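Report on the structure given below.
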Amino acid sequence: FVEDKQRRILDKSSSKKTQTLLSCRQTQEQTILQMFNAEHPHPKAAGICLGFRYTMSLLLAFLFYRYLPFSLEVRQTMVMIAFAPLSALCPVYTQWCGGDESLASTINSLTILISSIALTVLLLVFNM
């Protein structure tokens, strides 16, 4: 439906600016509308990225909690920020850079799930 609508618009106005805008919009819609794919062709790559991300989060959380010269509440907040999910725009930026947007979308979806669980556990541990 979207492609037919775009073709009709292109037939009415064939300027390069309109074609570029429509092409860019179509690309963004395809990226944003991608859903989590449990049968991703590169599960090992997703696991490595998530493992690295949460290993670094654990390291940062430890450093924030142990060594920052702030009050306990500020240090606890910094620990929680270390486990925040990725930005929803990461798959779009990945596509703009020519990367694997499907892998980026899968990782983004998984970080939302994992970070939600991690933040809930941290809230319970910190008694907030």
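The values are calculated or read from the model by the stated rules, or taken from the named source; none is laboratory data. Quick caveat, the model's predicted, so the values are computed rather than measured. Cβ atoms come from the backbone with ideal geometry, glycine included; neighbour counts cover every protein chain shown. Remember, those area values only see protein heavy atoms, side chains included, never the ligands or the DNA or RNA. Shrake-Rupley method; radii C 1.70, N 1.55, O 1.52, S 1.80 Å.
Tabulated values for the structure
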item	result
Boolean, residue 125 is open to solvent by 40 Å² or more (accessible area, probe 1.4 Å) and part of a helix (DSSP H, G or I)	yes
Residue ID - modelled with the lowest pLDDT, chosen from residues in region 76-106 that are under 8 Å from the mean Cα position of the chain (by Cα) and over 24 Å from residue 124 (Cβ atoms)	88
Unique match (being within 20 Å of residue 48 (Cβ to Cβ), assigned to a helix (DSSP H, G or I) and of a type outside the set (S, T, N, Q)) among 91, 85	91
Matching residues in region 54-89 - criterion: being within 25 Å of residue 109 (Cα to Cα), free of Cβ contacts under 8 Å to residues at least 24 places away in the same chain and either surrounded by 17 or more Cβ atoms within 10 Å (Cβ to Cβ) or of a type outside the set (A, V, I, L, M, F, W, C) (or both)	55, 61, 77, 87
Leading residue by the ranking (surrounded by the fewest Cβ atoms within 10 Å (Cβ to Cβ)) among those in region 94-105 that are of a type in the set (Ser, Thr, Tyr) and more than 19 Å from residue 56 (Cβ to Cβ)	102
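Here is a yes/no grid of residues against (1) modelled with pLDDT of 95 or more; (2) part of a loop (DSSP other than H, G, I, E, B); (3) among the basic types (Lys, Arg):
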{"position": "29", "(1), (2), (3)": "no, no, no"}
{"position": "40", "(1), (2), (3)": "no, yes, no"}
{"position": "56", "(1), (2), (3)": "yes, no, no"}
{"position": "108", "(1), (2), (3)": "no, no, no"}
